[in-house]
Each structure stands twice: as C-alpha cells, then as structure tokens.
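One structure is given below, encoded as structure tokens.
The values are calculated or read from the model by the stated rules, or taken from the named source; none is laboratory data. These figures come from a predicted structure and were not determined experimentally. Cβ atoms come from the backbone with ideal geometry, glycine included; neighbour counts cover every protein chain shown.
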Amino acid sequence: MNKEYDVVALGELLIDFTESGLSAQGNPLLEVNPGGAPGNVLSMLQNYGRKTAFIGKVGKDMFGRLLLEAVGSCGIDTKAIRVDEEVHTTLAFVQTFADGDRDFSFYRDPGADMMLTKEEVDTDLLRNTKVFHFGTLSSTHPGVREATRYAIDVAKEAGALISFDPNLREPLWKSLEDARREIEYGLGKCDLLKISDNEVEFLCGTDDYDEGARILKETYQIPLILITMGKAGSRAYYKGMRVESAPFLQENTIETTGAGDTFCATSIHTVLKYGIDNLTEENLNELLTLANAAASLITTRKGALRVMPKYEEVRQLAGTRGIRL
C-alpha cells in the first residue's frame, strides 16, 4: 500500500494534571502532562519508526501551545491540528491510587477538542494513510461526532485499516447509553479492536472474556480483537485462534496512564509489519508480548506522550520471553 503515512489518528488533545508530591505548606502539587489517548498512541508509534499525523483541536491558550509543541516534538505531523479562538483546551485532573489505578475529573464543558467540525477534517491525510485510529472521546458531542464519523468513512473508502480503542471514560458522557451507542458504532467500522476487560463487561454483560470476544466477533465481524486484562495480561482473537500472553509486572509501577495506549500502538505497529490478512499464532504471540512489555514500561513513568518507551527498551524486555526481533 503506497501511502505517505503509516497511521493518522483523530481525537482529544488535553492536559493531564497529575499528582507530584506536596508543597512546603502541605498542599498537593500537580504536574502538567500533555496527554490524550490518540496522541499517546502516535507518540509510541513514532518510537517504532512509523510516520504519523494527528487531526484534532486545541485552544488558543498556554495549554494549547504546550500541546502543539509537545506533539510536534515527538515527530508527529501537526498540520491538521486546528486552534480554537474562543474555547479553552480540555483539562483532566488525575487522582492516582496506591495500586497505580486512576480516577479522572474533566474540565471540558466545552473543551476545544469537542469543537472540531467535519469541515476542518484534513481529508488528504486520511486518503494517504495505511491506518486510521480513533476512540470514543471524539464522539461525546454532535459536532465532533460528525467529524469523527466522516473521517472514518473517508479513510475506509481510501483503503485504510481502521483501528479502534473505545477508551470509555464514564464522566464525559451524558448517559452510558450514549456511550454504548458510540462504541457500537466504532465496533461496526473497525478492523482492529483494542478493548479493555471492563469495556467487554460493559458491552457484553460478562466477565468471561472468551464469551465476550465471541459475541463481538459474531456481531461485528471484526478481524482482530485484542483484550487487555491489566495484571492478568492480554488475549488476541483472530480467525478462530485464541492467543494469550502474560503481563510483565513491575515492582516500581507509579501509575497506569498510557498503558493501554502503548499496547494499542504496539499492536498497530505489528499489524503494519505483517499485514492483517494472514497473521500466524507466532505473529500474534509477538504482538501481545511486545504490547505487554511496552505497557509495563510506561507504568514506571509519570505522564505518557513525552515519555513513551523506546523501541530498544521494549525489544529487550520482550526478549526475556524469547521474542527475538
């Protein structure tokens, strides 16, 4: 496939305020971390040597400028990132628990990422990419939802593989039924699905992930389904095959921000390497092992977009499981 870009993503760019100790007065200190799942995915793909571009919107404020600089510094093409003159950049405040899990408080009513319109979508990029990646945070409101659906259609018509990570964030939806509807829309469009265990439970009403994968496969005819299960590892479902890979558990985990995004990026990278039509069990084992390794490494760092693991780090950790690249 002779396309200029390996992966183009559309979605939210935002600032994650993460806890960073206490001040002299005992007040919590917050660190400003550039974030947003689609940008994190592209940043990791850049570390794999892939050419990427982002479609989205930030505010004309200090945080918007920071995001544009941060995304560009990772090597991601920023020419399709618009700047909103009136609406501020979206902010997320992240509370981290002792086990590294998180809780989010969003300031996004509205946020600049929600203001992207269909007319602002760069269709030239979409027609010139091998993979188009998206999530559901760009479908929480009507205008940006229309832009997202339009982008999917343009990319699909041009022959791009469609990659989807639901990335369910309950506080951002007016109702969970709205969230379900948009996730189901994405499921009906994608070739590669990365979905978490809690999202399978939400959609399929079961914590039997084999059964959840069967329901998703039969309902939506998705070629490749990847389920992440946190400390239980991950699974791939493809053409009747079920491949499972154990996690790389870290003693020095700080937080889990970006773990799903590194996993997703690594999966896309491996599919680009082998193609999606004739993956073998060995290919799928390589995909899951590398993706688990990458996800493990990011949990030892604060933030995500600017501190994604380097390819050599992922390769070395995966090598402890016999994966030789």
_Being over 23 Å from V8 (Cβ atoms) and either of a type outside the set (A, V, I, L, M, F, W, C) or free of Cβ contacts under 8 Å to residues at least 40 places away in the same chain (or both) is the filter here; which residues of the stretch 85-100 pass it?_
E85, E86, V87, H88, Q95, T96, F97, A98, D99, G100
*Determine which single condition D103 fails, assuming it passes every other condition in (1) without any contact (Cβ under 8 Å) to a residue 40 or more places away in the chain; (2) under 14 Å from V8 (Cβ atoms); (3) not basic (K, R).*
(2)
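Suppose we filter I215, I254 for residues that are at pLDDT 95 or above and more than 15 Å from the chain's Cα centre (by Cα); which single one remains? Outline the logic, then answer.
On the way: I254 fails: at pLDDT 95 or above.
Of the residues listed, the single one that is at pLDDT 95 or above and more than 15 Å from the chain's Cα centre (by Cα) is I215.
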_Of the residues R65, R82, only one is surrounded by fewer than 20 Cβ atoms within 10 Å (Cβ to Cβ), charged (D, E, K, R) and either in a loop (DSSP other than H, G, I, E, B) or free of Cβ contacts under 8 Å to residues at least 24 places away in the same chain (or both); which?_
R65
*Which of (1) under 19 Å from A37 (Cα atoms); (2) touching a strand residue (DSSP E or B) at 6+ places or on another chain (Cβ under 6 Å) is the odd one out, the single condition T257 does not satisfy?*
(2)
*asked:* I'd like the residue in the stretch 288-303 that is surrounded by fewer than 24 Cβ atoms within 10 Å (Cβ to Cβ) and out of contact with any strand residue (DSSP E or B) (no Cβ under 8 Å at 6 or more places or on another chain) and, out of all such residues, is farthest from A246 (Cα to Cα).
replied: R301
*Determine whether R321 is assigned to a loop (DSSP other than H, G, I, E, B), within 18 Å of the chain's Cα centre (by Cα) and either modelled with pLDDT of 95 or more or surrounded by fewer than 24 Cβ atoms within 10 Å (Cβ to Cβ) (or both).*
no
*Answer yes or no: is there a residue in the stretch 135-142 that is in a loop (DSSP other than H, G, I, E, B), of a type outside the set (S, T, Y), crowded, with 21+ Cβ neighbours inside 10 Å and at pLDDT 95 or above.*
yes
*Scanning the stretch 45-62 for residues that are surrounded by 19 or more Cβ atoms within 10 Å (Cβ to Cβ) and hydrophobic (A, V, I, L, M, F, W, C), which turns out farthest from F134 (Cα to Cα)?*
V58
*Specify which of the listed residues (N278, N167) is buried (at least 18 other Cβ atoms within 10 Å of the Cβ), among the polar types (S, T, N, Q) and under 21 Å from V7 (Cα atoms).*
N167
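Okay, residues lined up against (1) free of Cβ contacts under 8 Å to residues at least 24 places away in the same chain; (2) surrounded by 21 or more Cβ atoms within 10 Å (Cβ to Cβ); (3) closer than 27 Å to V7 by Cβ; (4) out of contact with any Cys (no Cβ under 7 Å at 6 or more places or on another chain):
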| position | (1), (2), (3), (4) |
| --- | --- |
| E177 | yes, no, no, yes |
| L187 | no, no, yes, yes |
| C190 | no, yes, yes, yes |
| L193 | no, yes, yes, yes |
| S196 | no, yes, yes, yes |
| E201 | yes, no, no, yes |
| D207 | yes, no, no, yes |
| G212 | yes, yes, yes, no |
| E218 | yes, no, no, yes |
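So in the stretch 3-51, with the set limited to residues that are in contact with a strand residue (DSSP E or B) (Cβ under 8 Å, 6 or more places away or on another chain) and free of Cβ contacts under 8 Å to residues at least 24 places away in the same chain, which one is farthest from A293 (Cα to Cα)? Outline the logic, then answer.
Initially, the stretch 3-51 is screened for residues in contact with a strand residue (DSSP E or B) (Cβ under 8 Å, 6 or more places away or on another chain), giving 3-23, 28-36, 38-39, 41-42, 45-46, 50-51.
Restricting the remaining residues to those that are free of Cβ contacts under 8 Å to residues at least 24 places away in the same chain gives 21-23, 28-29.
On the way: G21: 28, L22: 31, S23: 34, P28: 31, L29: 30 Å.
If we take residues in the stretch 3-51 being in contact with a strand residue (DSSP E or B) (Cβ under 8 Å, 6 or more places away or on another chain) and free of Cβ contacts under 8 Å to residues at least 24 places away in the same chain, then S23 is farthest from A293 (Cα to Cα).
For (1) touching a strand residue (DSSP E or B) at 6+ places or on another chain (Cβ under 7 Å); (2) at pLDDT 95 or above, each residue gets a yes or a no:
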residue: M114; (1), (2): no, yes
residue: T117; (1), (2): no, yes
residue: V131; (1), (2): yes, yes
residue: R145; (1), (2): no, yes
residue: R149; (1), (2): no, yes
residue: I162; (1), (2): yes, yes
residue: E170; (1), (2): no, no
residue: K174; (1), (2): no, no
residue: E199; (1), (2): no, yes
_Quick test for you: out of V32, V7, pick the one residue that is at pLDDT 95 or above, among the β-branched types (V, I, T) and either surrounded by 21 or more Cβ atoms within 10 Å (Cβ to Cβ) or at negative phi (or both)._
V7
_Would you confirm whether or not the stretch 107-122 contains a residue that is assigned to a strand (DSSP E or B), in contact with a Phe, Trp or Tyr (Cβ under 8 Å, 6 or more places away or on another chain) and over 22 Å from E182 (Cα atoms)?_
no
